[in-house]
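The values are calculated or read from the model by the stated rules, or taken from the named source; none is laboratory data. The shown structure was predicted, so the numbers you read here are calculated from the model rather than taken from an experiment. Reconstructed Cβ throughout: ideal geometry from the backbone, glycine too, with neighbour counts over all protein chains shown. Areas reflect the complete protein model, heavy atoms only, side chains present, ligands, DNA and RNA absent. Shrake-Rupley method; radii C 1.70, N 1.55, O 1.52, S 1.80 Å.
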Amino acid sequence: MKMQIMIRRKVVFFLLCASVLAPIVFYTDRLSIGSNSILNTGGFGDQVTNLGTGLEITKLNVVRQELTNPVQEPIGVVLADKSSNFSQDSVQKEDKAAEFNEGGGDKAAEFNERGLLLTQPVELEHKNRVLSEVPHKKDGLKEVLIEQVTQNAASKDTLSLEESKEEHQPAVAVVQANKVPLPDLRVLQMKDQLIRARVYLGLSATRTNPHYIKELRLRIRDVQRALGEATKDSDLPRNANDKLKAMEETLARGKQIQEDCAGTVKKLRAMLHSAEELLRVHKKQTLFLTQLAAKTLPKGLHCLPLRLSSEYYNLEPAKREFGNKEKLEDPTLYHYALFSDNVLATAVVVNSTVTNAKHPGEHVFHIVTDRLNYPAMRMWFLANPPRHATIQVQNIDDLTWLNSSYSPVLKQLSSQSMIDYYFRAHKSASNPDSNLKYRNPKYLSILNHLRFYLPQIFPKLNKVVFLDDDIVVQKDLTGLWRIDMKGKVIGVVETCGESFHRFDRYLNFSNPIIAKNFDPRACGWAFGMNLFDLDEWRRQNITEIYHSWQNLNEDRLLWKLGTLPPGLITFYNQTVRIDRLWHVLGLGYNPHVNARDIDRAAVIHYNGNMKPWLEIGLPRYRGYWSKYVDYDQIFLHECNINP
């Protein structure tokens, strides 16, 4: 009985073991098969589902986990068309992966047997994104990528995650290769480095660091050698990157040793202020020296009248006279008036006029000079007579009618107050050169004002051309006598093309007398070459108008100096405008006079301080003047006057 009971217990225990352990063993075997298959495919990225058995989700340590970081998108441009087929395949694969997640190992095995690429949704999305970023115009590239992925899916049953990544790399490389790169970036960087390095070489902070300066110069040479004549990166040598990197490190250290910006700005402002102050001082010195040079007689020009005067007084009285005296008062000839104490300058005016005249024998020159230079002036033209032209040289002291009782300006010029005004007045410690421009002997010389007495000097002439001694004649001037004067007294070339050549530049319009009678914006003009209708002058009694204005300006409240301001007043509304090419000005102060205008001009005028016979004369204009000087003349040789 007991034996039967023991046998029954063994049978029950065996059946119990079979019924309990057999399913567990069987199912565990199936689970291992499915797990091994899944692990081999690599289709999942981070985790697998519990397959309906109640098992917890576990990490797969065989593959690298990537879901913790977002998938990095490759650089590229988006495409839209021709991608629908591949997108649909991807959706189908995602659906089948979802079915596998909901089913069991059998479903997974069936999935693999169909030869489909088993991939996580994240990886599929990544591939879709890569392809979607291929540019629209790169359709051929996109089709190649689609075909490549399809072939990979058909030829492999399972792919590990690492192999899947290797598939993406060629595609990403191709997409990135189509991105537009910066052209010749290294060449541009190296050129920029050279510019920055040269700036550092000039900064005070780096100049005090000789070790750094030495290193920086070495880097500059290295970069220059590496750069050479290269215009693109492919021309650079292999070690260009090393040179570029070394230079960048050196520049970075140079930046660190620079002073702060605020301190540098303060220093620069101080330097600028100092430079401006120095410039102001130099300008003042330049003005003083220029004025001094303009008023100082060069040694050669001082020697010349002395040598000529000595020779003149050695002549016999009969040889001191000029011929053709009968032409001096002939109104049918072309008469010129020159008032000067400069022998050489006067000689150039006469020589240039006669040289360019069509009929030199019809030209008559009336020269008036002071007592000191009278014998020298006569001796020059006796020794160098102009061909066929007539010369008259007068001493201003022989004009006995010109005295202080007749001429207000002569009375003023000889007064002590006028001498003090020009040479001593307005001088202070704060501004010692305030009246520097007034300190010119010409302002106290009646020769400078003699132009206002032309009808009295030439009582039998009806027209005369006035010439300054700082002009050069380049054309025949006989056409001036054919100009219609339209009832006016003086023919002039207007100079109001420049803003400062207006009446308000020369006259004191704060004075009610000036403001009442003249337009401050009236156009100015220049003495130097002027045609005078002496008959009209006498008829309108212009000389008395001049005298009245000179009397009003006895205390110098209407204008301060010179002959142009009283000329503008005296001949106001009495001027006729002539073509500007008759008289081109500015060669004594303006270095930018148009060369074409100079060549076309009938008369060029060296108005200003830079006279052509002075060393301060503008070199570019000196040739127009010196061509009419006979440097082979014996008196010039003796006084060492050379070109």
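For the peptides 615-625, 195-205, the ranking by packing is 615-625, 195-205, with the highest mean count of neighbouring Cβ atoms within 10 Å listed first.
Mean sequence separation of contacting Cα pairs (under 8 Å, at least six apart), scaled by the length of region 317-382, corresponds to a relative contact order of 46 percent.
Counting heavy atoms of the protein chains alone, K560 has an accessible area of about 100 Å² for a 1.4 Å probe. Across region 480-493, coupling constants 3J(HN,Hα) worked out from phi with the 6.51/-1.76/1.60 Karplus curve, θ = phi - 60°, read 4, 6, 8, 6, 6, 7, 6, x, 9, 9, 9, x, 9, 9 Hz, and Gly and Pro carry x.
Across region 275-291, coupling constants 3J(HN,Hα) worked out from phi with the 6.51/-1.76/1.60 Karplus curve, θ = phi - 60°, read 5, 5, 5, 5, 5, 4, 5, 5, 4, 5, 5, 4, 4, 4, 5, 5, 4 Hz, and Gly and Pro carry x. H583 contributes an accessible area of around 0 Å² to the protein surface, as traced by a 1.4 Å probe with all chains present.
Going by amide H atoms built from the backbone, whose H comes under 5 Å of the H on I391, apart from near neighbours? Sorted by chain and number, the residues that satisfy this are F365. Rounded to the nearest 0.05, the FRET efficiency derived from the C-beta distance between K284 and K232 at R0 = 35 Å is 0.05. Measuring only protein heavy atoms, the 1.4 Å probe finds T332 accessible over about 110 Å².
If R0 is 25 Å, the Cβ-Cβ spacing of K358 and S626 corresponds to a FRET efficiency of close to 0.55. Here's how it looks for K463: its modeled amide H is under 5 Å from those of L534, which are all 5 or more places away or on a different chain.
With Cα atoms defining each centre, region 581-643 and region 521-554 are spaced 28 Å apart in the structure. In order along region 455-467, the phi-based Karplus estimate (6.51 cos²θ - 1.76 cosθ + 1.60, θ = phi - 60°) of 3J(HN,Hα) comes to x, 6, 6, 10, x, 9, 9, 9, 9, 8, 9, 8, 10 Hz; Gly and Pro are listed as x.
Accessible area of region 449-592 with a 1.4 Å probe: how many percent of it is carbon plus sulfur?
Working: 2750 of 5950 Å².
Ligands and nucleic acids excluded, carbon and sulfur give 46 percent.
Taking all protein chains into account, the per residue accessible area for region 202-341 stands at 69 Å² (1.4 Å probe).
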